[in-house]
Amino acid sequence: MQTTLLMMEEKAPSLEPSCLKDLRDFVAGRSSSDLDDWIEAIVAGELAVEAQELCRTLRRKPVDKARLEALAARLAPLAAKAQQHRLVRWQLDTRRVLIRFSYWKEGGALDFDDGDLHAILLHAFRLEGLHLLLDLGKRPRPLLNIGLPLPAGVGGLAESMDAMLRQEPAEDPEVLMGRLNERLPEGVRIHQWRALPEYASPLGDLALLSWWRWAVPPMHRILAREKVAAFLEASHCPWDRGPSHSDGSVDLRNLIPEMRWEDSALCFSTRMGAFLAVNPLKMLGAILGIEPSSITGLVRTIVDLKPDQRLGQAERFTPKLKNMYEDAVLLGGGSNIILVDEDDDDPILLC
């Protein structure tokens, strides 16, 4: 994985904010830049929280530990203040945008699992200067969310992730996809880019069925046809998932509502919802009576999604800025609620 990430860095110059690139150089001892100037640039770019999280990440790297700790100490109060501002401003932030992008995974990328793909796409967004918003957790994480699980060894033609950006990019989506695809390793390519309201439902809440296609190798075809025929004739097919699963035995006939042959390819669907994380290789292995690791060439071709009801209910999710301001003014008069204005740049806090 480290080799893959390094190769991505070498494909083109990084477009990450210069102050964050300077941070990496500073703690690696490659820069003697004035620390005060660098801190000023971090604050001006509203990147104190990102810089602090980068320092945490760099603790695991071979860097100058003394420099890193000195820098982290300077950043701590700035990041805490910035995080407080983010908490207050979150509901009023109309700049952020949710991007749902679709990509395929094939060929040389088949060995990547969900964690690998998340790291790769996170790296690509950073190198291309696409600023992912951080969540509001104690340890803020970039808001890049895996859509639906896809295990290592399985391909996908319509995989998706949700990325929350600080603001909508100025470039055309086709240009952005082209830049990212030039950066990504072989076998991972983005083919659709869609901007959605930030209150759109997660993909996991919308998924109904995953559709799979397995080009059955000659060595498995006779066995597969016999086992599939028996599976389709049965009204129930109990499958014991083992002691590590609290749900114990499940019915594969319920999990797999449709299965059919298209020439020498086996096509089937699997229910999503509560079964998002059920490995399709293990389900297929249980039906055929073979080791899941011996199944190669399985591909998810499409995912059936139900309509997102939230997209038609903007009035329920869009902040009513005027009403929120009026409420704050009313609360400030004749009550024990104090409006604190720490400095000219700070928002008004309801304490």
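The values are calculated or read from the model by the stated rules, or taken from the named source; none is laboratory data. Values in this document were obtained by computation on a predicted structure and should not be read as measured data. Virtual Cβ from ideal backbone geometry, glycine too; neighbours counted across all protein chains shown.
Listed here are the residues, each with its yes/no results for (1) under 19 Å from Val154 (Cβ atoms); (2) surrounded by 14 or more Cβ atoms within 10 Å (Cβ to Cβ); (3) of a type outside the set (Phe, Trp, Tyr).
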| site | (1), (2), (3) |
| --- | --- |
| Ala215 | yes, no, yes |
| His220 | yes, yes, yes |
| Lys227 | no, yes, yes |
| Val250 | no, yes, yes |
| Arg271 | yes, yes, yes |
| Lys282 | yes, yes, yes |
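Applying a threshold of 6 Å to beta carbon distances and a minimum spacing of six or more residues, or different chains, the list of pairs starting in the range 142-161 at a residue that is touching a residue at least 12 places away in the same chain (Cβ under 8 Å) and ending at one that is small (Gly, Ala, Ser) and part of a strand (DSSP E or B) reads Leu144/Ala163; Gly147/Ser160; Leu148/Ala207; Leu150/Gly156; Ala158/Ser102; Ser160/Ser102.
The residues in the range 131-152 that are surrounded by 15 or more Cβ atoms within 10 Å (Cβ to Cβ), assigned to a loop (DSSP other than H, G, I, E, B), among the aliphatic types (A, V, I, L, M) and in contact with a helix residue (DSSP H, G or I) (Cβ under 7 Å, 6 or more places away or on another chain) can be counted, and the count is 2.
In the range 83-101, the residues that are more than 15 Å from Pro142 (Cβ to Cβ) reach residues that are acidic (Asp, Glu) and surrounded by 14 or more Cβ atoms within 10 Å (Cβ to Cβ) with C-beta atoms within less than 6 angstrom, at least six apart or across chains, in these pairs: Arg100/Asp162. When restricted to residues that are among the hydrophobic types (A, V, I, L, M, F, W, C) and part of a helix (DSSP H, G or I), the range 252-275 contains 4. Scanning the range 174-194 for residues that are surrounded by 15 or more Cβ atoms within 10 Å (Cβ to Cβ) and over 14 Å from Phe125 (Cα atoms) yields one hit, Gly187. Look at the range 35-52: where a residue is on the phi > 0 side of the Ramachandran plot, no partner that is charged (D, E, K, R) sits 6+ places away or on another chain with Cβ atoms under 8 Å.
Going by the conditions given, is Glu198 acidic (Asp, Glu) and at pLDDT 95 or above?
Working: acidic (Asp, Glu): yes; at pLDDT 95 or above: no.
Taking the combined requirement at face value, the residue does not satisfy it.
A residue that is within 18 Å of Gly289 (Cβ to Cβ), more than 27 Å from the chain's Cα centre (by Cα) and either among the aliphatic types (A, V, I, L, M) or part of a loop (DSSP other than H, G, I, E, B) (or both) occurs nowhere in the range 205-215. Every condition in (1) at pLDDT below 90; (2) assigned by TED's automatic domain parsing to the domain that holds Asp251; (3) assigned to a helix (DSSP H, G or I) holds for Val278 except the one numbered (3). Among residues belonging to the range 93-115 that are among the charged types (D, E, K, R) and within 11 Å of the chain's Cα centre (by Cα), point out the one that is modelled with the lowest pLDDT. Restricting to residues being among the charged types (D, E, K, R) and within 11 Å of the chain's Cα centre (by Cα), the top hit is Asp114. Quick check on Leu298: is it at pLDDT 95 or above and within 28 Å of Asp205 (Cα to Cα)? In short, yes.
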